[in-house]
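To start, the structure under review is shown below, and the notes come after it.
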Amino acid sequence: MRDLGLVASSCGGLDSRFTAELARPAATRGWRLAVTLTPVAHRWLEATGGLTELAATTDLPVRAVSRLPGEPRPHPDPSVFLFAPASANSLAKLALGIADNQALTLLGDVLGAPGITIVVAYQIQDTRVHHPAWQRHLDTLKSAGVRLHRLDPRRPWSEVLDLLPGA
Ligand SMILES: Cc1cc2nc3c(=O)[nH]c(=O)nc-3n(C[C@H](O)[C@H](O)[C@H](O)COP(=O)(O)O)c2cc1C
């Protein structure tokens, strides 16, 4: 069983689709999930009661906050990461190297490192592509070897699992 670092941010559909279309199917495919949520994504799933069914997809704790100094690291170190859904906000911060939450700290620490695979599946408003920095963020991530995919809200999110190695 291979470890998958599964990271999610607060995009529309998170509460209804993340566990059903990403976490559970990934676990069914044999991935052991190390799930990390942005604080906003965690708040959303907490509000809808979705954390329990998400937690049931893995034997590892679902993370959203950083550990205290001296506390043990709750997750292993996967070599494969799926950041989905990735918001415009979190994608931009990742490209800029901002690590102001646990999800971005995790991804920022491994971005571009040898032997690491990162798939980023982002969901954005159509207008976002006109933001002057947007294409630069995509180019930055691409140049670091990130596999980028734009989620189509009409398609099942589980399609992105095919982008992971060994699929
Ligand atoms: C109902 C709702 C749906 C949203 N959907 C998206 C989305 O699909 N993509 C996106 O980039 N931002 C979306 N947002 C905005 C993000 O949640 C917001 O920018 C947030 O600050 C992102 O934080 P995070 O990246 O740390 O999770 C949505 C907000 C709300 C309230």
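Computed from the coordinates by the stated procedures, all read-outs in this text should not be read as laboratory data. Here the structure is a predicted model, which means the values were calculated and not measured. Quick reminder, even Gly has a Cβ in these numbers, built from the backbone with ideal geometry, and neighbours come from all protein chains shown.
Could you tell me the calculated FRET efficiency between Arg147 and Leu68, based on Cβ-Cβ distance and R0 = 30 angstrom, to the nearest 0.05?
Values: r = 33 Å, r/R0 = 1.11.
Efficiency computed from Cβ-Cβ geometry: 0.35.
The simple spin-label model puts a point 7 Å past each Cα toward its Cβ; for Arg2 and Glu53 those points are separated by 2.8 nm.
Could you line up Arg150, Arg24 from fewest to most neighbouring Cβ atoms inside 10 Å?
Numbers: Arg150 12, Arg24 17.
Least to most surrounded, the residues fall as Arg150, Arg24.
Can you tell me how the range 23-107 classifies by the Cα gyration tensor, rounded, prolate or oblate, using a/c under 1.5 as the rounded cut? Rounded. Applied to the range 20-31, the Karplus parametrisation 6.51 cos²θ - 1.76 cosθ + 1.60 on θ = phi - 60° returns per-residue 3J(HN,Hα) values of 5, 9, 10, 5, 5, x, 5, 5, 5, 6, x, 7 Hz, with x for Gly and Pro.
The magnitude of the dipole of the range 10-167, with charges of +1 and -1 set on the Cβ of Lys/Arg and Asp/Glu and taken from the Cα centre, is near 200 debye.
Rounded, prolate or oblate: which fits the chain when a ≥ b ≥ c are the square roots of the eigenvalues of the alpha-carbon gyration tensor, with rounded for a/c under 1.5 and prolate only if a/b beats b/c?
Numbers: a/c = 1.31, a/b = 1.19, b/c = 1.10.
Rounded shape, in that the Cα axes give a/c under 1.5.
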